[in-house]
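The next block holds one structure in the form of structure tokens; read it before the comments.
A short reminder: the numbers here are calculations on the coordinates, not readings from a lab. Just so we're clear, the structure is a prediction, and the values are computed from it rather than from any experiment. Note that we place each Cβ from the backbone using ideal geometry, even for glycine, and neighbour counts take in every protein chain shown.
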């Protein structure tokens, strides 16, 4: 390749695919950059290839398998330090995935997982199946199967002649219910970190929040809201980054145009941001948007101390593809997220009218938060594995640098003319299959991954832990409020009973007096007058009320508000407060 060859000449030099040059354009040009952004949000766009360096950035869309092979076969010019290949819906591009994987020696298992067909989707919001109904159905099927068993079989086992050996063997060998697509769809925190001599591969589930007609996509009662998509990112040793994203609508369900546009904008937002950050036409962001700005390429306008080196490009692509900060912020890293709002709403409902049904709502909310917690713990695990492998690669490189001069001296020593006389440790260093698998990252990418791990622990996981703790607190509070409500009802009923008993006791002396006035006693000569009756009535009523009042104060059963302290305690406290007031007044006078 000529030292003065331009990027356009490089793509034209690919003789095996002459039409490939027409698919690539310079995204530093304003017109090409706008067209590139439009293609990124086009539902028919299947893939793109971005080659960039310090001076140039070229992007091509919708490449075929032969064109990928041609790009991989020819040597990339030094002007392009980084090559980013991204594929959407990899199950529709299986041959391209296989060609790219074979180029870098990916394992057979990884290639099969990347080519797996996704789980078919029937509706946008998949409701959670009724667990009770499923258990009843399974019980009925088991009973029906047991009825088909011969009555002569005492242990209730199936006869071997009723089994189809071919079907049984095929079912055991295929294990269709354990397909990779089903696993990542059922286990949201499933993740994968694999290494090879030429690559480092990570796989994880991403969760995107998107509102369609003002409503967030739902996944059922026990799953967090949003769209789950599996992502692959492969960092190769030649500066190539290969990323893949699961098809959000594999069929047979076909979304509306509005729903599809909203979801494409949400799931591809990070890709658009990264690719835009590699162009000189990327709009200048304000200081307030510095947290979400993406820079993967050196620009001459930047100061030297803050510039990005060309070799930092692949590691930064890997980092920014993995770190979708906006989605994380919308999920948990803000105090106004929906889970916190739901907890506040449940708290208000508990204080207004506590009931047992609120515990069920708290249970399902806790299930969502638990899955979300496991999801972010899987991100933390991926980062930990990456950083641990980087330490091993760094230590190995340092050891090789230390052993290389010693190896050279030993080889030149006349006492050891044959390399076979070298020590075992030095021979191990020289063997490529003893090297630690994986691709080294630059310090710029490693530092960003370390900060990302801190952000996940400090903001995401801590916020989820706070919500889970609050959920447990609300559960106990709800039961306590129900118990308090019941105790207040019992207390109210008790006070009414005591009031009726006091009324009965209060009128009992009057009833006895009325009976006394109604009978004729021979010893009393003159009949009792009406005035004497009412005087006796008043005296008895005053005495009854006074006695009942004193009894109420003594037993804390006075009608009105509940008395939580005895009369003696109240008198003692009031006298103590008055004495303290007198002492303070005397101090003021002095």
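Report the gain in length on full extension from residue 505 to residue 92: 0.36 nm times residue separation, minus Cα-Cα distance, nm rounded to one decimal.
Fully extending the segment from residue 505 to residue 92 adds 139.7 nm.
For residue 583 and residue 182 in one chain, what is 0.36 nm times their gap in residues minus the Cα-Cα distance, to one decimal in nm?
136.5 nm
What length, rounded to one decimal in nm, is gained on full extension from residue 512 through to residue 444, with 0.36 nm per residue of separation minus their alpha-carbon distance?
14.5 nm is the gain from fully extending residue 512 to residue 444.
Distance between the C-alpha centers of region 204-264 and region 17-93? Whole Å please.
After rounding, the separation between the Cα centres reads 22 Å.
Between residue 496 and residue 473, what FRET efficiency comes out of the Förster formula 1/(1 + (r/R0)^6) with R0 = 35 Å and r the beta carbon distance, rounded to 0.05?
0.55
Going by how many other Cβ atoms sit within 10 Å of their own, how do 189, 363 line up, fewest first?
363, 189
Using a Förster distance of 41 angstrom, determine the FRET efficiency expected from the C-beta separation of residue 462 and residue 484, and round it to 0.05.
It comes out at approximately 0.80.
Label residue 5 and residue 341 with points 7 Å out from Cα along Cα→Cβ: what is the distance between them in nm?
In this crude spin-label approximation the distance works out to 5.6 nm.
For each of 282, 86, count neighbouring Cβ atoms within 10 Å of the residue's Cβ, then give the residues from fewest to most.
Ranked by crowding around the Cβ, least crowded first: 282, 86.
What is the fewest-to-most order of 518, 16, 243 by other Cβ atoms lying within 10 Å of their Cβ?
518, 16, 243
Classify region 172-241 from the C-alpha gyration tensor, please: rounded if a/c falls under 1.5, else prolate or oblate depending on whether a/b exceeds b/c.
oblate
Let me check against my output: what whole-number percent is the relative contact order of region 1-104, with C-alpha pairs under 8 Å and at least 6 apart?
Computed value for region 1-104: 27 percent relative contact order.
Using the beta-carbon distance between residue 555 and residue 530 and R0 = 51 Å, what value does 1/(1 + (r/R0)^6) give for FRET efficiency, to the nearest 0.05?
0.85
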